[in-house]
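Peer 1: Questions regarding the structure given below will be posed in turn.
Rule-based calculations on the coordinates, nothing more; no lab input. These figures come from a predicted structure and were not determined experimentally. Methodologically, a virtual Cβ is constructed for each residue, glycine included, from the backbone with ideal geometry; neighbour enumeration extends over all protein chains shown.
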Amino acid sequence: MNKVSPRVLALLATLTLVWGTNWPLFAIALREMPVATFRTFVLSAAILTLWLVMRLRGASFAVAKGRWPHLIAASMLNITIWNIATSLAVLYLPSGHASVLSYTMPLWVALIGFVVFRQPLTGRLLLAILIGAAAVAALMVPNFASYANAPQGLFWGLCAGFCWAIGTFVMKRTSWPGMGLSLTFWQIVASWPPIALGMVVLDGWPKEMPSTAAILATVYTGAIPMALGTATWFTLVKLLPTQVAALSSIAIPILAVISGVIALHEPLSWLQAIAIGSTVISLWLALVPQRSAG
């Protein structure tokens, strides 16, 4: 792999900050809103934000010819299932714990890439994945009791990570000529109807106005992490090899755990210090090219 550009590093830092600090907001909003209702309003805020940004920039809303089936598939995996599964996981588990399960995605990408697509793993990248797996394991160990007591949370968290991994392959293995922000915009638009239908059928219209904190958490989640964070992630998927792009997300649950500790006073284990160190090493191996001898 060639040297990672400053642009990629800036995008990665932005994504880690935006997505990593967002998990506690899920818990705040979901105390007062059902899952489908919360996600419907999040997606609505994301659609409005992206529409405004694209209009101000004069960006095209066009979808490349013949790409609608791929776009719908990516939308279901990256947006629809992810939104519902992560929200359900947070209902059963502390937000930081749920994020760890969801961000097993890099491990699923490595497994699917190797088994299904016969993607080779260099020794350096394999080592990065193994150390990344150790980081995930260190984060999971203190939470085994939570997973045992809430198997639904375990299932939905892993489901989110697995579907995200497949969605990442759909994104990476499809060409999207001429599509920039429109790729994110239409994926979110396509995911809105099924989730909104879930709100109507399962939740009904909210009978009480949520608190200011819940409203702000919902609007922020839609406008920043969902709209701009997702666009940033899709840009990284385009710029990096699939396995490296996936592995670059492994720092996000570290920040999610720290955010949960600070904002929600969720439990913190000393093993998480090991996880932080492992994550740093894993990212260095994946993103910093090996120096050639001589």
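Peer 1: Over the Cα atoms, compute the radius of gyration (one decimal) and Dmax (the largest Cα-Cα distance, rounded to a whole number) for the range 28-91, in Å.
Peer 2: Looking at the range 28-91, its Cα Rg and Dmax stand at 14.6, 43 Å.
Peer 1: Something else: Label F155 and V115 with points 7 Å out from Cα along Cα→Cβ: what is the distance between them in nm?
Peer 2: 2.0
Peer 1: Could you tell me, in Å, what Rg and Dmax come out for the Cα atoms of the range 144-253?
Peer 2: Reported Rg and Dmax, both Å: 16.9, 48.
Peer 1: Further question: Along Cα→Cβ, 7 Å out, is where each label goes; now give me the distance between the ones at R124 and S60 in nm to one decimal.
Peer 2: Simple spin-label model gives 3.6 nm for this pair.
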